[in-house]
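Step one of this worksheet: look at the structure below.
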């Protein structure tokens, strides 16, 4: 792509200017489109992606447009020993409550 839809001739931009231009595009996509993917139709190979510039542009566009950024994706985390112990305790409490219910009502659990 030599010229953008808004008429900017990318061939005339220095590498630094191009990096900033793409940073603003990535930031705009995060806010206006609520799209956190770090790729863009104008930069499908992420050749011009810069996380810091995208984050700074995201803040700019959020203030400019009055729109909050979408939440960051949470990485999959393995449960800790405390998580496992908590779930086990919850299961014990559920079983105890169920047993109490069955003893008091005589109803079979279905």
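Only the coordinates and a few stated rules stand behind these numbers; no lab work does. None of the values given here were measured: they were computed from a predicted structure. Please note: Cβ atoms are built from the backbone with ideal geometry, for glycine as well, and neighbour counts cover all protein chains shown.
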| query | How far is helix 15-32 tilted off the main Cα axis of the chain, in degrees rounded to 10, range 0 to 90? | reply | 40 degrees
| task | Please work out the C-alpha center-to-center distance from segment 86-105 to segment 43-68 and express it in whole Å. | result | 50 Å
| field | Potential lengthening between residue 35 and residue 80 on full extension [0.36 nm per residue; Cα-Cα distance subtracted] | value | 13.1 nm
| note | Computed over all unlike Cα pairs, the Kirkwood hydrodynamic radius of segment 10-65 in Å stands at 11.1 Å
| message | Need one number for the chain: average projected area of the convex hull over its C-alpha atoms, nm². | response | 12.9 nm²
| field | Spacing of the two label points (7 Å from each Cα toward its C-beta) at residue 52 and residue 15, in nm | value | 1.6 nm
| query | Which angle between 0 and 90 degrees, to the nearest 10, do you get for helix 51-65 versus the longest principal axis of the chain when only C-alpha atoms count? | reply | 90 degrees
